[in-house]
Amino acid sequence: MKFFIDTANLDEIKQAADMGVLDGVTTNPSLAAKESAPYKDLLKDICKIVPGPVSAEVLATDTKGMLTEAEDLVKIADNIVVKIPTTLEGLRAIKALTDKSIKTNATLVFSPMQALLVAKAGATYVSPFVGRLDDISYDGMELIEDIVGIYNNYTFETEVLVASIRNPVHVLEAARLGADVCTVPLKVFGQLIKHPLTDIGLDKFLSDYKKAGKN
Ligand code: E4P
């Protein structure tokens, strides 16, 4: 499974990259709005830090506008993936961009049928938002199970990118289901490596050694 970090913050991206297991980055307009630098400048810097896929979201809501923005975004760096909202206008844009060999990430996916359509249109990634479904008392991971199952019935190349992850259990379940990618906030990245028994065990190993007078 690939790990992306879900942020537009350069320090957070550097910290995640430093862990040695970072494959890519996802951003969105809300995340970009938290930073002081203009979105395109941020993307340029992010692409210098991370050689893997960096999702950059369009702001237009009509197909023509999305395509114009996409052409502009892909000029920033070779690893830019254009993030497109999963609407009818977005579906048309994904198809047109696929025809031009431009990589896309279909975002704001909340149903298996949205996922099926964007795969047919050739999206490189589909981003189902599990946390936001959990927030309204739906089971976000059930959506991942549906999408992985449906894609496995056919020969789609679209990768399932689990988004809106809120905790390590989302990542665990995504891995059990065979999702291709998880995009996680830095806090969750840190939680994944932590285990209290590891810390307790390490303390004991070191104190036993010291007590025995070894150095
Ligand atoms: C994914 O690409 C989105 O940027 C992100 O995962 C949204 O997460 P949120 O629901 O925590 O805002």
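The values are calculated or read from the model by the stated rules, or taken from the named source; none is laboratory data. As the structure is a computational prediction, the values presented were derived from the model and not from experiment. All Cβ positions, even for glycine, are placed from backbone atoms using ideal geometry, and neighbour counts span all protein chains on display. Surface accessibility is based on the protein's heavy atoms, side chains included, excluding ligands, DNA and RNA. Shrake-Rupley method; radii C 1.70, N 1.55, O 1.52, S 1.80 Å.
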Exercise for review: Could you work out the longest stretch of the chain that avoids the trypsin sites (Lys or Arg not before Pro) located in DSSP loops with at most 15 other Cβ atoms within 10 Å?
Suggested key: 101-193
Check your understanding: Taking the chain as a Gaussian network, Cα atoms linked when under 10 Å apart, which of Ala115, Ala37, Ala16 shows the biggest mean-square fluctuation?
Key -> Ala37
Practice item. Leaving ligands, DNA and RNA out of it, report the carbon-plus-sulfur percent of the accessible area of the chain at a 1.4 Å probe. Key: 55
Revision key, fill the gap. With the dipole of the chain defined by +1 on each Lys or Arg Cβ and -1 on each Asp or Glu Cβ, the option from Ala17, Ser101, Asn153 whose Cα lies farthest towards the positive pole is Ala17
Review point. For the chain, modelled as a Gaussian network with Cα springs under 10 Å, which listed residue fluctuates most, Ile46, Ile144, Ile76?
Key: Ile76
Review point. Counting only heavy atoms of protein chains, what accessible area per residue, in Å², does the chain have with a probe of 1.4 Å?
Key: 54
Point to revise | Vicinal HN-Hα couplings computed from phi for the stretch 154-169 (Karplus, 6.51 cos²θ - 1.76 cosθ + 1.60; Hz; Gly/Pro x) | key: 10, 10, 5, 9, 4, 8, 7, 10, 6, 10, 6, 7, 10, 7, x, 5
**Study point:** Pairs beyond 27 Å (Cα-Cα), from Lys64/Lys187; Lys34/Lys83; Lys2/Lys194; Lys83/Lys194; Lys40/Lys100
**Key:** Lys64/Lys187; Lys83/Lys194
Point to revise | Hydrodynamic radius by Kirkwood, which averages 1/r over all alpha carbon pairs of the stretch 1-81, in angstrom | key: 12.8
Review point. In nm, to one decimal, how far is the modelled label at Leu88 from the one at Leu192, with both set 7 Å along Cα→Cβ?
Key: 3.9
Exercise for review: Over the chain, calculate the relative contact order: mean separation of alpha carbon pairs under 8 Å at least 6 apart, over the residue count, as a percent.
Suggested key: 17
Exercise for review: Per DSSP H run of at least 4 residues, take -39500 (n - 2.57); add these up for the chain, divide by its residues and hand me the 222 nm value, nearest 500 deg cm²/dmol.
Suggested key: -15000 deg cm²/dmol
Check your understanding: What Kirkwood hydrodynamic radius do you get for the chain when you take the inverse of the mean 1/r over all pairs of distinct Cα atoms, in Å?
Key -> 18.2
